[in-house]
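**Student:** Just passing along the structure, written as structure tokens.
The values are calculated or read from the model by the stated rules, or taken from the named source; none is laboratory data. Small disclaimer: the values here were computed from a predicted structure and weren't measured. Cβ sites come from the backbone with ideal geometry, for glycine too, and all protein chains shown count toward neighbours.
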């Protein structure tokens with residue numbers, strides 16, 4: 001009891017004499033604890049979809065064609081601020097000046113998992129087909145997928161090749177539509193995976 005009383009007085013006097021220092025110390029310890037928990041969760045992120053056919057191949061494909069940019073934020077072709085393997089930075093998200101490859105991969109897996117979830121929600125395709133739909137959603141957005149003829153073809157179980165090939169154009173500086181050979185190769189990869197036997 002005496003020890004508790006003396007310790008309490010010591011803490012009380014410390015806060016009176018240097019309240020900011022004591023308070024900041026408490027905040028720092030809390031911040032470090034929370035940061036470590038978040039970091040631990042990020043480092044040990046495991047995708048619930050990772051054992052599905054084509055999932056890991058899609059992750060590696062995205063990493064290869066998106067690039068890492070040395071872990072620093074950059075602006076993509078659309079002018080959107082991006083980090084890691086194509087993670088578009090949302091309003092309110094704060095990242096350090098540079099992230100590790102592991103952190104970038106975990107971000108990618110979380111983003112791709114969301115796309116797989118949408119693919120499950122909006123279609124009934126399985127296996128490789130589901131992963132291709134997810135890749136399209138990851139690359140082009142759920143809004144574009146929902147209004148696309150590609151989705152109609154998927155739902156009708158019809159060939160998707162020609163519809164996918166239409167999604168490799170961009171508007172040039174003169175206003176004309178120009179085919180991107182780089183994006184065309186990505187669409188060919190999707191077509192190849194989509195047509196595989198499950």
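**Student:** Mind telling me which of the residues 52, 103, 93 ends up being at pLDDT below 90 and over 24 Å from residue 189 (Cα atoms)?
**Tutor:** 93
**Student:** Any residue at all in region 147-160 that is outside any helix (DSSP H, G or I), without any contact (Cβ under 8 Å) to a residue 24 or more places away in the chain, touching a strand residue (DSSP E or B) at 6+ places or on another chain (Cβ under 6 Å) and over 26 Å from residue 47 (Cα atoms)?
**Tutor:** Within region 147-160, none of the residues are outside any helix (DSSP H, G or I), without any contact (Cβ under 8 Å) to a residue 24 or more places away in the chain, touching a strand residue (DSSP E or B) at 6+ places or on another chain (Cβ under 6 Å) and over 26 Å from residue 47 (Cα atoms).
**Student:** At pLDDT below 95, under 24 Å from the mean Cα position of the chain (by Cα) and surrounded by 13 or more Cβ atoms within 10 Å (Cβ to Cβ): does that describe residue 180?
**Tutor:** Taking the combined requirement at face value, the residue satisfies it.
**Student:** Taking residue 111, is it touching a strand residue (DSSP E or B) at 6+ places or on another chain (Cβ under 7 Å), within 21 Å of residue 167 (Cα to Cα) and assigned to a helix (DSSP H, G or I)?
**Tutor:** The answer is yes for residue 111.
**Student:** Here are some conditions: (1) touching a strand residue (DSSP E or B) at 6+ places or on another chain (Cβ under 8 Å); (2) part of a helix (DSSP H, G or I); (3) surrounded by fewer than 18 Cβ atoms within 10 Å (Cβ to Cβ). Residue 104 meets all but one. Which one does it not meet?
**Tutor:** Failed condition: (3).
Conditions tested, residue by residue: (1) in contact with a helix residue (DSSP H, G or I) (Cβ under 8 Å, 6 or more places away or on another chain); (2) modelled with pLDDT of 90 or more; (3) within 30 Å of residue 127 (Cα to Cα).
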{"position": "23", "(1), (2), (3)": "yes, no, no"}
{"position": "39", "(1), (2), (3)": "no, no, no"}
{"position": "45", "(1), (2), (3)": "yes, no, yes"}
{"position": "69", "(1), (2), (3)": "no, yes, no"}
{"position": "72", "(1), (2), (3)": "no, yes, no"}
{"position": "77", "(1), (2), (3)": "no, no, no"}
{"position": "98", "(1), (2), (3)": "yes, yes, no"}
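**Student:** In this structure, does residue 118 turn out to be outside any helix (DSSP H, G or I) and under 16 Å from the mean Cα position of the chain (by Cα)?
**Tutor:** no
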